[in-house]
Amino acid sequence: METISAYDVSHWTYDEAFGYAYPPGRRIHLTTVSADGTVAGCETINSINERGNIGPIEGDYEQAALKIAVFGDSWAAFHVDGMTWTDIFQREMTERLGKPVHVLNFGRDGYGILQMFDLAAHEVGRWKPDLVIVGFITNDLARRRTWRLEVAKDEVTDRILTLWQPVSTGKDATAMDTFIVHADATAQWCERARSSQIKDEVVAAIQKKWQRALGPGKKKYTDIMALDHSFLFSRLAYGSPFHGLGNWQALRPLEIDSYTQDERFMRAQEKLESYDIPTLLFHHAFYPEVIKEQEFIVNYQEQSLLDSLLAVTGLPMVTTLDNTDLPVENPEALNTTPDDYHPSLKGMEFYSDALTRALIDKKMLPKLLGAHPALTTD
């Protein structure tokens, strides 16, 4: 058994319109259980701010000279010591412009292009920023909408499920456990268990939930070199390399090749356009693309969706590799771990620098905003 992580409360609350929300101001305790069944780590997560977004709120939005709203996936929602790339971007833009910039971070883990536009169409009219940025990685192009559902037992959250259609119960056949949650895995318990190295009923319950989520006889991670499954054959014969591996719904892409085929996206795009607020796309080239110095590594469907995104929205796009120095020195340092390509602090600076270079050094911001007060000298 490998290392297991568990929350004492959920990081998400169900939202039928937008999949889920981050509970504003919620403090979450994270327990890490090692392979031998002892508690190895205790951490309090305090990254959800009072707006229900990830990262600290710095400065006054209403008083900012330049207001920016960022919509994205886990690249924006991912934090290191509470910091996100949008926080670094706010500081960098403030320094470069010499005027206060305030960035709203609407990053949501698991979101694809569809849900980014759903949320943007709802929030932009409320906040009325000066600039809207939709930040995405290549995988987001074909990502389906998902919902997160808390399932209670004895009035306490017992499971957190990911669903692929908006329902109010956890009985959907496409439901999949998202993260282990156990109400008794509190900060106080965790510290006692770690110091005493006990293996009590709370640890046993966490391990049992991990096995239940995994499923009998299943592996948490699929080995691409495994001899008991042909990924190539499954891709050619069934259209998915994961065919027959159990509930791999999260990896199944959209069943469309143009965003014009999604009615809700088209409504969201029209509503976003009606606000008449400058908007741009920002592609995060991630590690495999960085080391190949290729902005997009895409399959046919992803390329078709990207083409339709640009055609339907007519939005300008900032690309990462066109706004950085190549080759990137020590690209491995951009990743949070060797197995996790989410950005480290250096990676966050990398994306912030690329976007800032495009907006300021390449003078994209004046083209978008015109004679905006934030761009004028005092």
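Could you check, for segment 341-348, whether at least one of its residues is out of contact with any strand residue (DSSP E or B) (no Cβ under 8 Å at 6 or more places or on another chain) and either surrounded by 16 or more Cβ atoms within 10 Å (Cβ to Cβ) or outside any helix (DSSP H, G or I) (or both)? No, the conditions are met nowhere in segment 341-348.
The set of residues from segment 59-76 being more than 15 Å from the chain's Cα centre (by Cα) and either aliphatic (A, V, I, L, M) or over 21 Å from His372 (Cβ atoms) (or both) comprises Ala64, Ala65, Leu66, Ile68, Ala69. Within the set Glu58, Glu92, Glu62, Glu123, the sole residue that is without any contact (Cβ under 8 Å) to a residue 24 or more places away in the chain, charged (D, E, K, R) and farther than 30 Å from Asp184 by Cα turns out to be Glu62. Exactly one residue out of Glu332, Glu270 is assigned to a helix (DSSP H, G or I), surrounded by fewer than 18 Cβ atoms within 10 Å (Cβ to Cβ) and free of Cβ contacts under 8 Å to residues at least 12 places away in the same chain, and it is Glu270.
Gln294 meets each of the listed conditions (1) surrounded by fewer than 13 Cβ atoms within 10 Å (Cβ to Cβ); (2) in a strand (DSSP E or B) apart from (2). Scanning segment 188-197 turns up no residue that is surrounded by 16 or more Cβ atoms within 10 Å (Cβ to Cβ) and either modelled with pLDDT under 70 or assigned to a loop (DSSP other than H, G, I, E, B) (or both).
The values are calculated or read from the model by the stated rules, or taken from the named source; none is laboratory data. Worth saying up front: this structure is predicted, and the values here are computed from it rather than measured. Neighbour counts run over all protein chains shown; Cβ positions are idealised from the backbone, glycine included.
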